[in-house]
């Protein structure tokens with residue numbers, strides 16, 4: 001057994017959610033209190049970066065994560081947004097943290113216009129509460145009825 005005590009059971013939990021980023025939005029200008037009434041969840045995310053790889057603590061287990069990079073698409077939108085279909089795949093469960101590592105903690109806040117909304121507005125913050133990332137998530141094409149409207153509603157509420 002390898003020194004990291006890997007459990008090589010495969011889990012193919014691929015989330016087919018696309019993330020939509022907005023290059024024109026300056027992250028320090030985001031005021032999440034403007035959309036606080038739409039907040040549905042906040043989850044804590046612990047990541048470990050080491051020479052052995054990137055790991056995430058999920059439900060008290062350490063998982064080695066592998067990127068599944070897919071080319072971003074911004075060809076048909078005049079650079080107003082970037083659609084990223086890349087995902088992270090849980091590869092192996094590990095039973096000890098590599099000796100040389102850096103650990104980060106962040107909080108993923110999800111906002112929805114309604115419980116059945118097809119778009120999530122995501123704002124990620126570090127431990128100090130500073131916004132470090134902003135994007136929309138959806139399982140549907142941006143051309144599906146209602147998707148653009150929800151995205152524009154969030155951007156408008158955030159004054160962008």
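Laid out as a table, the results:
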read-out: Top-ranked residue in region 120-146 [being under 22 Å from residue 107 (Cα atoms) and in a loop (DSSP other than H, G, I, E, B); ranked as farthest from the chain's Cα centre (by Cα)]; value: 128
read-out: Filter result (out of contact with any strand residue (DSSP E or B) (no Cβ under 6 Å at 6 or more places or on another chain) and within 14 Å of residue 40 (Cα to Cα)) within region 113-148; value: 113, 114, 115, 116, 117
read-out: Any pair with Cβ under 9 angstrom, 6 or more apart, that starts in region 141-160 at a residue that is on the phi > 0 side of the Ramachandran plot and ends at one that is assigned to a helix (DSSP H, G or I); value: 159/29; 159/34
read-out: Residues of region 85-108 satisfying the condition of being under 28 Å from residue 71 (Cβ atoms), within 20 Å of the chain's Cα centre (by Cα) and surrounded by 14 or more Cβ atoms within 10 Å (Cβ to Cβ); value: 85, 87, 88, 89, 90, 91, 106, 108
read-out: Top-ranked residue of region 13-61 - restricted to ones that are more than 30 Å from residue 114 (Cβ to Cβ) and over 18 Å from the mean Cα position of the chain (by Cα), ranked as modelled with the lowest pLDDT; value: 60
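The values are calculated or read from the model by the stated rules, or taken from the named source; none is laboratory data. Since this is a predicted model, take the numbers as computed values, not measurements. Cβ atoms come from the backbone with ideal geometry, glycine included; neighbour counts cover every protein chain shown.
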